[in-house]
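> Before I ask anything, let me first share the structure, which is written out below as structure tokens.
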Amino acid sequence: EIQRLDSNIENKNKIIEGFLCRLDEKEDALEVKEKTVRELGKMSKYLSDEEINQIFRKIAVYIIDEKIQGKDIYVLCMKELLKGSTAEACNLIGSTIIDSILVGLNHKDNKIRELSYDVLNDYIIKYDFVLTKEYTKVFKSPEKIYENAINNLSIKSISLMKKMASFIGNYSSILDKENYFKLIDLITVKLKESKDINYNTILFNCLTSIA
């Protein structure tokens, strides 16, 4: 049935709308949403970039909403849909999700921050070959993003620190030469200033991952 979706636009739109209703935070149990995400993952290769973006537009805000339960499910959904999108969707999807993700990176809730870094990591990995040429179209203030990550690496959450450190490595791969060396300089300065062994270890790992 899924394999025939590309030839039946009306049927496909109905199925997409049905999936979005299931993912609505007010409607179904987490088990139903998990099943929906798996089905969306199977379906993603039959969706156009515009249809995938339609789903992103619906669920991106859920990740940064403190009242929403089961945020991991929405992140999983975004990860699966990213796999099915094409290179041409880089700017389209970026324009839809980045604003919400950037809000999440600075959220007071560490879980929301961690999930936001997780999605951003997957986005960069998916589109790194496109972003190396035009990342400033998606990230309007690129230096603020890596400065924020570096300045928060001392946070007392191991899982969040790992996500941020991974992000710094991935993000460095798409930066232009000027921002790349600014990032290295920033990490080097932090290493010289800090006396926190754990923080310095993470900074050193970041430095080796991007050098």
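The values are calculated or read from the model by the stated rules, or taken from the named source; none is laboratory data. Owing to the predicted nature of the structure, the values given are computational and were not obtained by experimental measurement. Here Cβ is always computed from backbone atoms with ideal geometry, including for glycine, and neighbour counts include all displayed protein chains. For the accessible areas, the whole protein counts, side chains as well, though only heavy atoms, and no ligand, DNA or RNA atoms are used. Shrake-Rupley method; radii C 1.70, N 1.55, O 1.52, S 1.80 Å.
> I need a count of the residues in the range 185-199 that are open to solvent by 30 Å² or more (accessible area, probe 1.4 Å) and out of contact with any helix residue (DSSP H, G or I) (no Cβ under 6 Å at 6 or more places or on another chain).
Adding up the residues that qualify gives 9.
> I'd like the residue in the range 169-184 that is touching a residue at least 40 places away in the same chain (Cβ under 8 Å) and of a type in the set (G, A, S) and, out of all such residues, is least open to solvent (accessible area, probe 1.4 Å).
G169
> While we're here: All but one of (1) assigned to a loop (DSSP other than H, G, I, E, B); (2) over 15 Å from the mean Cα position of the chain (by Cα); (3) touching a residue at least 40 places away in the same chain (Cβ under 8 Å); (4) closer than 16 Å to C90 by Cα hold for F139, so report the exception by its number.
(2)
> Does I98 qualify as being of a type in the set (V, I, T), closer than 29 Å to E51 by Cα and surrounded by 13 or more Cβ atoms within 10 Å (Cβ to Cβ)?
Here the answer is yes, as I98 does meet what is asked.
> In addition: For the range 66-78, check the following and say yes or no: at least one residue is open to solvent by 10 Å² or more (accessible area, probe 1.4 Å), part of a loop (DSSP other than H, G, I, E, B) and within 22 Å of F139 (Cα to Cα).
No, there is no match, as no residue in the range 66-78 is open to solvent by 10 Å² or more (accessible area, probe 1.4 Å), part of a loop (DSSP other than H, G, I, E, B) and within 22 Å of F139 (Cα to Cα).
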